[in-house]
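The values are calculated or read from the model by the stated rules, or taken from the named source; none is laboratory data. None of these values were measured; they are calculated from a predicted model. All Cβ positions, even for glycine, are placed from backbone atoms using ideal geometry, and neighbour counts span all protein chains on display.
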Amino acid sequence: MNPVRAYLTQVHAVTAAEVMKLAHDPMDLVTRAVQPILWLLLFGQVMAQVHGLTNGSYLDFLSPGVLAQSVLFVAIFYGLSAIWERDLGILHRYMVSPAPRSALVIGKAIASSARGITQGIVIYACAALLGVKLSFAPANLLGVLVMVFIASALFSTFSLIIACIVKTRERFMGIGQFLTMPIFFASDAIYPIELMPPWLRAIAHFNPLTYEVDGLRALMLTVGRSHFPLTVDYGAPVMLLALLIALASRMYPRLTE
Amino acid sequence: MSKTGPVVETHALGRRFGSVVAVADLSITIAPGETFALIGPNGAGKSSLMKMLTTLLPPTAGDARVAGYDIRGEPQQVRRHIGYVPQLPSADTELTGYENMLLSARLYLLPARERRSRIAEALTLMELSDARDRAVGTYSGGMARRLEIAQSTLHRPAVLFLDEPTVGLDPNGRLAVWSHVRRLRRETGAAIVFSTHYMEEAEDLADRVALISRGRLAAVGTVAELKNAHGAASLDALFTKLTGAALSPTAVRL
């Protein structure tokens, strides 16, 4: 088997195993979809009464933010399942296999996007019912799909790195909670970046979630406009993702030592 | 890999965790096709040794070759030629037996057109064909172990490492696992390296045994050789004689 084909087979092995597990237990996907619906229905409806927060409808503004947030909240706990798999012994099986460590990391990262994409479908359905001006142009939908894919892979790989550092479930739970809030609030997910004090705005510029939301805002909505060029919205997270995958590939084997 | 050289060869292999010495100055040689038992109480260093030989744990001293490859310099080659069943249950309980096998078949790059037949063959050998489409979570402990052995031998490794393969199994489960390992040995000719603290498992199955105490090799040889040389009636007595420690304070006879 040629090396590229071999590598892809091993990536696929990991992704397929994860997707088969989701297929056996789809309830997991359903329960995770509740939170973003609540954000749109409760938070979104109330905040829409505040005038002048955004140009145009707040629900339009919020929907891409909620999609980005739900992808983040699901992916950021991915490392927990890595620790869980180590505790069970499943990870040992992966680690003694001849698959390159990067193939294992990439396989897991791709699998995490399966969850992100199902969240996206739920959020589109809910937003459509609320009258959000969604764009269904094929190019835009494809763009959203790619962005959700990149973001899921990015935050799940980041989470995997945290797992390799903290190594136990208890410590991970604490850190996971601690990380999601700053990533979420130091982004343009629920308010425009212009409303932030300068110091927070500076931090937001280093936050990949900011670029994700910005790109989603341009693509999800018929009235959408992005603050940064789309090349930056896609380019910045992709570069960070490549760096995180390289780092995670080196650190992943530490879990089974 | 050379067919004649040893399948495992360690030279003064060692591993420390901070100030704790898990394995020290350990040198052993295991021949192709040999069944070799690592014996010692819990905490003796058997698992650490096995994790080093399977490339999961980098050594802090010495070196080792497995299947002809250097565990430090050529870990990927080592992994291609070994099978490993860790002490923890390593099959995914949320997947079916077949799905677990498929995962292994892909990770070990079995040719796509052979996957189905090789998986079927391995499941038949382990007598799991009827349970192939059930979630592993519904398997008995012994069935799950046999599945893990099937997963670990699908790629026909030169050496199979089994870390305490019968811990936690009831007597029937233990007997079934070992009768299947015997069959596997007969049919594939793979060397088998297993750790245990059940003396009778070592006596019945191993060509040679290594007694390990506090990370060090206390003795190595056939059971008969060791008993004769030290005038001990049983492996338990021998272990106590050589190390001053009891091997299994609550030994349960099969």
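Being crowded, with 23+ Cβ neighbours inside 10 Å and assigned to a helix (DSSP H, G or I), is that true of even one residue in the range B:71-94?
Yes, some residue in the range B:71-94 is crowded, with 23+ Cβ neighbours inside 10 Å and assigned to a helix (DSSP H, G or I).
Quick check on the range A:52-88: of everything there that is touching a helix residue (DSSP H, G or I) at 6+ places or on another chain (Cβ under 9 Å) and assigned to a loop (DSSP other than H, G, I, E, B), which residue is farthest from A:VAL213 (Cα to Cα)?
A:PHE77
Inspect the range A:248-255 for any residue being surrounded by 14 or more Cβ atoms within 10 Å (Cβ to Cβ), touching a His at 6+ places or on another chain (Cβ under 9 Å) and in a helix (DSSP H, G or I) and give the result as yes or no.
Scanning the range A:248-255 turns up no residue that is surrounded by 14 or more Cβ atoms within 10 Å (Cβ to Cβ), touching a His at 6+ places or on another chain (Cβ under 9 Å) and in a helix (DSSP H, G or I).
Report, by residue number, each residue of the range B:70-82 that is charged (D, E, K, R), without any contact (Cβ under 8 Å) to a residue 60 or more places away in the chain and facing chain A (nearest Cβ under 8 Å).
The answer is B:ARG79, and nothing else.
If you take the residues in the range B:83-112 that are farther than 19 Å from B:ALA135 by Cβ and within 7 Å of another protein chain (Cβ to nearest Cβ), which one is modelled with the lowest pLDDT?
Applying the first criterion (farther than 19 Å from B:ALA135 by Cβ) to the range B:83-112 yields B:83-87, B:106-112.
Subsequent filtering for residues that are within 7 Å of another protein chain (Cβ to nearest Cβ) retains B:84, B:86, B:106-109.
On the way: B:TYR84: 96, B:PRO86: 93, B:ARG106: 97, B:LEU107: 97, B:TYR108: 97, B:LEU109: 96.
Filtering the range B:83-112 for residues that are farther than 19 Å from B:ALA135 by Cβ and within 7 Å of another protein chain (Cβ to nearest Cβ), the one modelled with the lowest pLDDT comes out as B:PRO86.
Among the residues of the range B:23-33, is any within 11 Å of chain A (Cβ to nearest Cβ), buried (at least 21 other Cβ atoms within 10 Å of the Cβ) and within 29 Å of A:ILE83 (Cβ to Cβ)?
The answer is no, given that none of the residues of the range B:23-33 is within 11 Å of chain A (Cβ to nearest Cβ), buried (at least 21 other Cβ atoms within 10 Å of the Cβ) and within 29 Å of A:ILE83 (Cβ to Cβ).
Let's see how each residue does on (1) charged (D, E, K, R); (2) at the interface with chain B (Cβ under 10 Å from one of its Cβ atoms):
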site: A:ARG5; (1), (2): yes, yes
site: A:ALA17; (1), (2): no, yes
site: A:LEU42; (1), (2): no, no
site: A:THR54; (1), (2): no, no
site: A:SER57; (1), (2): no, no
site: A:ILE76; (1), (2): no, no
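Can you tell me which residue among A:LEU134, A:LEU88, A:LEU130 is within 30 Å of A:LEU244 (Cβ to Cβ) and either β-branched (Val, Ile, Thr) or touching a Leu at 6+ places or on another chain (Cβ under 7 Å) (or both)?
A:LEU88
Can you tell me which residues in the range A:133-157 are touching a residue at least 40 places away in the same chain (Cβ under 8 Å), surrounded by fewer than 24 Cβ atoms within 10 Å (Cβ to Cβ) and either aromatic (Phe, Trp, Tyr) or in a loop (DSSP other than H, G, I, E, B) (or both)?
A:LYS133, A:SER135
Can you tell me which residue in the range B:222-233 is farthest from the chain's Cα centre (by Cα), limited to those that are surrounded by fewer than 16 Cβ atoms within 10 Å (Cβ to Cβ) and either of a type in the set (S, T, N, Q) or more than 15 Å from B:GLY244 (Cβ to Cβ) (or both)?
Keep residues of the range B:222-233 that are surrounded by fewer than 16 Cβ atoms within 10 Å (Cβ to Cβ), which gives B:222, B:224-225, B:228-231, B:233.
With either of a type in the set (S, T, N, Q) or more than 15 Å from B:GLY244 (Cβ to Cβ) (or both) added as a condition, the list becomes B:222, B:224-225, B:228-229, B:231, B:233.
Details: B:THR222: 18, B:ALA224: 22, B:GLU225: 22, B:ASN228: 26, B:ALA229: 27, B:GLY231: 29, B:ALA233: 26 Å.
Selected residue: B:GLY231.
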